[in-house]
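The block underneath contains the structure these notes are about, expressed in structure tokens.
The values are calculated or read from the model by the stated rules, or taken from the named source; none is laboratory data. Keep in mind it's a predicted model, so treat the numbers as computed, not measured. Neighbour counts run over all protein chains shown; Cβ positions are idealised from the backbone, glycine included.
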Amino acid sequence: MKKFIVIALAAVFMIGMAGLNLSAEEVSWKDAKKHMGKEITVCGKIVDAFPIGNGITLLGMGVSATQPATVGIEIPDKVKKDLPADLFKGKETCVTGKVHTNPLGGASITINKASDIKAK
């Protein structure tokens with residue numbers, strides 16, 4: 001009986017761990033640009049949101065999305081429909097994804113599913 005309980009607890013633990021993204025490092029929005037090409041979790045306040053075309057909405061994290069210092073969060077419409085209407089504006093938020101350079105020379109992350117972005 002003890003062996004069964006130990007195996008059951010181990011199975012529950014493994015299933016729980018499988019749901020965690022242990023590979024994503026968490027950094028402040030100010031440091032995101034230092035992690036180009038890496039899968040990380042970036043946290044900061046969402047200050048604005050606006051459509052940029054091609055079915056994508058851009059969120060500005062830290063400062064306005066029109067500034068090079070921002071972290072741009074690119075949200076395709078297929079993901080946007082599963083997010084809150086305010087798109088986390090004014091809230092401390094964390095986003096997980098691969099960092100790439102945006103057209104202003106800052107950092108951007110494109111989210112692929114609603115679970116990639118969460119309010120703190």
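I need every pair where a residue in the range 82-108 that is more than 18 Å from P68 (Cβ to Cβ) has its Cβ under 8 Å from the Cβ of a residue that is hydroxyl-bearing (S, T, Y) and surrounded by 15 or more Cβ atoms within 10 Å (Cβ to Cβ), sequence separation at least 6 or different chains.
Close Cβ pairs satisfying both conditions: L87/T57; C94/T41; V95/T41; T96/T41; G97/T110; K98/T110.
What about G37, is it of a type in the set (G, A, S), at pLDDT 95 or above and more than 17 Å from I117 (Cα to Cα)?
Here the answer is yes, as G37 does meet what is asked.
Residue by residue through the range 73-103, note down the ones that are hydrophobic (A, V, I, L, M, F, W, C) and either assigned to a loop (DSSP other than H, G, I, E, B) or at positive phi (or both).
Once the filter is applied, which keeps residues that are hydrophobic (A, V, I, L, M, F, W, C) and either assigned to a loop (DSSP other than H, G, I, E, B) or at positive phi (or both), the range 73-103 yields L83, A85, L87, F88.
Any idea how many residues of the range 63-120 are surrounded by 14 or more Cβ atoms within 10 Å (Cβ to Cβ), out of contact with any strand residue (DSSP E or B) (no Cβ under 8 Å at 6 or more places or on another chain) and closer than 16 Å to I46 by Cα?
2
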